Amino acid sequence: MSNVPKVLEIKKIIEETPSIKTFIFDWPMFGENIPSPGQFLMVWNFKDEKPMSISYINVADGEIGITVKKVGEFTEDLHTLKVGDKLGLRGPYGNGFSTDLEGMKVLAIGGGVGMAPIASFTEEALKSTKVDVICAATTKEELLFHRRLANRGANVYTCTDDGSCGFKGFATHRAMELISKSDYDWVVVCGPEVMMVPLFGFLENNNIDGEYSLERYMKCAIGICGQCCVDNTGWRICAEGPVFNSYQLAQIDEFGSYRRSPSGLKQFYK
């Protein structure tokens, strides 16, 4: 297999927002090692290992990137690293987004650091079709990749909880407004599950298909341990996901209701 574990030097670090950094690595682009938008890597800081969405794919230059929000001990440790420091990486893993969307009108929606896989998806999809992007965050300073995607040719609509940039309100409300004014053929979504649930219901009611990237606690990333299985299908987020289409998502009972802790206990959304 070409996607064997690697220990790589950090080639570049981009400070995206006060709490988010992107880490770029040289990456051998061949065989199973070539990533697809929506896939993820397992990242090892030599103490612990966590899954991270792939936010940057440059096949021509052989570069890959992950984007990390500082939210806990593991990510705080990553944020202390410098160019030239090393991390363990393995992957890419999982089922990514569909990108052969020629002739379709596409809307991509990302909330917070959920913009990471949306960015790599949008850049690939723009090669064959037009893409509108809703980029949502709590405040202007935390908006992620809106300038990058606008420079690539996407129509970007910013959305902030506090109204400091663009639409004031949640991504859900912005999406409903755009969809009511335009006929979209396909929608891709990544963000907090509490954001995706009302969007899924609204899109289903409007007969708009799409794909959604889910997040669950992962240990092995290769479909063996069963930690990330979802009720009642038994699908493994690391293998059958993390991207699911509308038909599949409707079959996942726990979607929008609960997830499981590292010990397997149900954690209900409030």
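For the range 114-126, check the following and say yes or no: at least one residue is among the acidic types (Asp, Glu) and either crowded, with 24+ Cβ neighbours inside 10 Å or assigned to a helix (DSSP H, G or I) (or both).
Kept after step one, since they are among the acidic types (Asp, Glu), are these residues of the range 114-126: 123-124.
Next cut, either crowded, with 24+ Cβ neighbours inside 10 Å or assigned to a helix (DSSP H, G or I) (or both) only: 123-124.
The answer is yes; a qualifying residue exists.
If you go through the range 170-202, how many residues are in a strand (DSSP E or B) and touching a helix residue (DSSP H, G or I) at 6+ places or on another chain (Cβ under 7 Å)?
Going residue by residue through the range 170-202, those that are in a strand (DSSP E or B) are 186-190.
Filter once more, keeping what is touching a helix residue (DSSP H, G or I) at 6+ places or on another chain (Cβ under 7 Å): 187-190.
Residues meeting the conditions: 4.
Could you run through the range 64-84 and say how many residues are closer than 13 Å to ILE14 by Cα, open to solvent by 20 Å² or more (accessible area, probe 1.4 Å) and aliphatic (A, V, I, L, M)?
2
If you scan the range 203-245, which residues turn out to be part of a helix (DSSP H, G or I) and surrounded by 17 or more Cβ atoms within 10 Å (Cβ to Cβ)?
LEU203
If you check LYS21 against the conditions, is it touching a strand residue (DSSP E or B) at 6+ places or on another chain (Cβ under 7 Å) and charged (D, E, K, R)?
yes
Just one of the numbered conditions (1) over 15 Å from the mean Cα position of the chain (by Cα); (2) surrounded by 22 or more Cβ atoms within 10 Å (Cβ to Cβ); (3) outside any strand (DSSP E or B) is not true of PHE97; which one?
Failing condition for PHE97: (1).
List the strands (runs of 3 or more DSSP E) inside the range 29-85, counting only whole elements, that have at least 1 residues being among the polar types (S, T, N, Q).
49-58, 63-69
Being touching a Leu at 6+ places or on another chain (Cβ under 8 Å), closer than 17 Å to GLY210 by Cβ and either in a helix (DSSP H, G or I) or not hydrophobic (A, V, I, L, M, F, W, C) (or both) is the filter here, so list the residues in the range 129-162 that pass it.
Selection gives THR129, ASP132, TYR157.
Across the range 246-270, which residue is modelled with the lowest pLDDT among those that are open to solvent by less than 60 Å² (accessible area, probe 1.4 Å) and of a type in the set (S, T, N, Q)?
Once the filter is applied, the top-ranked residue is SER261.
If I filter the range 1-22 down to residues being in a strand (DSSP E or B) and closer than 20 Å to GLU49 by Cα, which single residue comes out as most open to solvent (accessible area, probe 1.4 Å)?
GLU9
Do any residues in the range 169-197 that are more than 22 Å from PHE40 (Cβ to Cβ) have Cβ atoms under 7 Å from those of residues that are open to solvent by 20 Å² or more (accessible area, probe 1.4 Å) and not in a loop (DSSP other than H, G, I, E, B), where the two are at least six apart or on different chains, and which pairs are they?
From the range 169-197, the pairs are PHE170/MET195; THR172/MET195; THR172/PRO198; ARG174/TYR157; ARG174/PHE167; MET176/PHE202; LEU178/TYR157.
Would it be correct to say that PRO5 is of a type outside the set (S, T, N, Q), within 22 Å of ARG216 (Cβ to Cβ) and over 20 Å from the mean Cα position of the chain (by Cα)?
Details: of a type outside the set (S, T, N, Q): yes; within 22 Å of ARG216 (Cβ to Cβ): yes; over 20 Å from the mean Cα position of the chain (by Cα): yes.
For PRO5, the condition - of a type outside the set (S, T, N, Q), within 22 Å of ARG216 (Cβ to Cβ) and over 20 Å from the mean Cα position of the chain (by Cα) - is met.
The values are calculated or read from the model by the stated rules, or taken from the named source; none is laboratory data. Quick caveat: nothing in here was measured; it's all calculated off a predicted structure. Note that we place each Cβ from the backbone using ideal geometry, even for glycine, and neighbour counts take in every protein chain shown. Quick note on the areas: whole protein, heavy atoms, side chains included, nothing else; ligands and nucleic acids left out. Shrake-Rupley method; radii C 1.70, N 1.55, O 1.52, S 1.80 Å.
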